[in-house]
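A short write-up of the structure that comes next.
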Amino acid sequence: MAAPARSIELLSPAKDLACGIEAINHGADAVYIGAPKFSARAAAGNTLDDIGLLCDYAHQYDAKVYIALNTILKDEELDETEQLIRQLYQKGADALIIQDMGITRLQLPPIPLHASTQMDNRTVKKVQFLGKTGFSQVVLARELSLEQIQDIKAHTHVALEAFIHGALCVSYSGQCYLSAALSGRSANRGECAQYCRLPYTMTDARGEVIATEKHLLSLKDLNLSDYLEDLLDAGVSSFKIEGRLKDVGYVKNITAYYRKKLDQLFLRRQEYKRSSAGKSVYTFEPVPEKSFNRGFTSYFLNARTPNITSFDTPKSMGEPVGKVKEIRGNSFTVSGLVPLHNGDGLTFFNSEGKLDGFRVNKVEEGNRVYPVEMPKRLGVKMLLYRNADQAFERLLSKPSAQRKIDVEIELSDNPYGFTLCAQDETRTRVILSKAFEKEVARTDQQKNIRTQLSKSGNTIFEVKEVKIDFRENWFLPSSFLAEMRREGLEKLLSCRKIRYHREYRKAIDEPAIYPENQLTYLGNVSNKNAADFYTNHAVKRIEPAFEEKPLKGVPVMFTKHCLRYSMGWCPIYQKKQSPYQEPYFLSYKNWRLQLEFDCKNCRMIIKVDE
């Protein structure tokens, strides 16, 4: 007998209820959304009532709702956190995504725990430990290669979640203290100021300028759509889209894009299946380049590669549309096959290497473009990008997807009337009988019965097949058939809600020793509960989190992105020597950062130069 197909989850972001509903409509198997407080995106908190409404909506499709509660906590916040978690569970939340181990020592309902990427989950031992201490799913570090993911899967039974799309943090998640050091706004408390996206001037030890006002810590956006099958085979079971601050158009487009990619893959690889019910039909063709992006990279999935950075701009460039062919007066022509529209937003890199942009007033045949205001620095042969497609955005501003669950209906007669049986694609089944005085019809009733029972209206169902099992050609009025169909589908929906299965938190059945016997500020321990957790797991020495006791002279960022490599001077990969004298510095206004290179661990370390 063949092994059952493995359930695979497409996990989409939601900044609010509307985004969450659209993520489900457009094919997400699960949604992650910020709690009212204590989320790593402090600007994306949501009310308990909205979270409850999202859970109700998602559960109709067997889709799940995960709550991001992934900041580190202070002692005085633990009681409030415990109460909040109970309320979230009562609202129907399916799991908590956490960073702070202090949460595990609270009096919690039986809600599953997922280990946030903020825990810096990039080693076999770390993931093994999390699996042993009650976590049912672990969000892997974005920097991992396929081989590293395979190795982790080979040595652990916990479910693995991996980012497949969206913005990249340049630092290992949870190990960035740059924002906290420069402004007191802690990334681990959900208040990152995104200093990695600023323009820096890079100099060497003698003060020689290496690069001027470049976004040297800014990365392109992740896009692993070409590697979904590789990730499946490596052991990933949850595919995560980044973007809890993104708008609803982004969520619609990117969710639909990956839903279609995965569904096509499942048709060929039937050992995998989606983890929720229903099928989405779209009014548009999803195109990831049309949503916010800084250009795309596969990052380190296939080892270190060039061009992972976005040095020229941290803004969205958009999709390439062609080159400037000719400039004449207040208009220009574009050599390209992509149709442009009135109101489009176009961008280009000017002669100084900076991103410029303008709005299109009108487009004439032959791709002659009349901007609202002619850009001064636009030149012939410059490459143009479109970061706002008016026609595409109009489609996304309207209802753009319907998600339906397939249903089969069988209508049969009984001694007292008629019986309707409805069964959906998940084998949820209901039976409804109604008394009715039978009368043999003079004409064939099959067509009208199928027509009336096939209507599903505004329900979540789509009737794919109607079977009729009658002993006679009974006459049935359309109103009676409509009433049976309506009541049958209502009963089926109620049954789906009742039978929805919420998982429980994983039991802890074996002792676990933490991979390290001491924790520095990098352990992010900011409350007594967290300290007790690590002490009970054999950690001998625990220092407070950076946020509790700011330190000077320590690394504030650890990144696999390396400026030595980006400049072509890596002694390992490029085997070239730099013409500049180390150490190197990055400067922005009154701030100066010092760079160090840890070649043994293939990473760059950043410190604040006091």
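Observations, loosely collected:
- Some residue of the range 482-502 being open to solvent by less than 80 Å² (accessible area, probe 1.4 Å), small (Gly, Ala, Ser), closer than 30 Å to Ser454 by Cβ and out of contact with any strand residue (DSSP E or B) (no Cβ under 9 Å at 6 or more places or on another chain): yes
- Annotation: of all residues in the range 358-409 being under 28 Å from the mean Cα position of the chain (by Cα) and small (Gly, Ala, Ser), the one that is surrounded by the fewest Cβ atoms within 10 Å (Cβ to Cβ) is Ser397.
- The condition of being open to solvent by 20 Å² or more (accessible area, probe 1.4 Å) and either outside any strand (DSSP E or B) or touching a strand residue (DSSP E or B) at 6+ places or on another chain (Cβ under 8 Å) (or both) holds for only one of Ser351, Ser316, that being Ser351.
- Wholly enclosed strands (runs of 3 or more DSSP E) of the range 547-609 bearing at least 2 residues modelled with pLDDT of 95 or more and open to solvent by 30 Å² or more (accessible area, probe 1.4 Å): 584-588, 591-598, 603-608
- Here Ile409 does not qualify as over 26 Å from Ala256 (Cβ atoms) and free of Cβ contacts under 8 Å to residues at least 24 places away in the same chain.
- Candidates Ile164, Ile241 - the one that is modelled with pLDDT of 95 or more, in contact with a His (Cβ under 6 Å, 6 or more places away or on another chain) and buried (at least 22 other Cβ atoms within 10 Å of the Cβ): Ile241
- In the set (1) at pLDDT 95 or above; (2) open to solvent by 90 Å² or more (accessible area, probe 1.4 Å), the condition left unmet by Asp509 is number (1).
- Those residues of the range 43-62 which are in contact (Cβ under 8 Å) with a residue 12 or more places away in the chain, on the phi < 0 side of the Ramachandran plot and not in a helix (DSSP H, G or I), in sequence order: Asn46, Gln60, Tyr61
- Filtered residue count, the range 16-73, keeping only those that are under 17 Å from the mean Cα position of the chain (by Cα) and among the acidic types (Asp, Glu): 3
- Scanning the range 145-160 for residues that are open to solvent by 10 Å² or more (accessible area, probe 1.4 Å) and either part of a loop (DSSP other than H, G, I, E, B) or of a type in the set (Lys, Arg) (or both) yields a count of 5.
- Residue tally, condition of a type outside the set (Asp, Glu), open to solvent by 80 Å² or more (accessible area, probe 1.4 Å) and either under 30 Å from Lys273 (Cβ atoms) or assigned to a loop (DSSP other than H, G, I, E, B) (or both), over the range 414-446: 7
- Restricting attention to the range 264-297, the residues that are under 23 Å from Tyr32 (Cα atoms), open to solvent by 50 Å² or more (accessible area, probe 1.4 Å) and over 17 Å from the mean Cα position of the chain (by Cα) total 3.
- On inspection, Asn342 fails the criterion of being in contact with a strand residue (DSSP E or B) (Cβ under 7 Å, 6 or more places away or on another chain), assigned to a strand (DSSP E or B) and open to solvent by 20 Å² or more (accessible area, probe 1.4 Å).
- Every residue from the range 100-130 that is farther than 24 Å from Ser171 by Cα and open to solvent by 10 Å² or more (accessible area, probe 1.4 Å): Thr104, Arg105, Leu106, Gln107, Leu108, Pro109, Pro110
The values are calculated or read from the model by the stated rules, or taken from the named source; none is laboratory data. Source: prediction; values computed, not measured. No Cβ is skipped: glycine too gets one built from the backbone with ideal geometry, and neighbour counts run over all protein chains shown. With ligands, DNA and RNA removed, areas are computed over all heavy atoms of the protein, side chains included. Shrake-Rupley method; radii C 1.70, N 1.55, O 1.52, S 1.80 Å.
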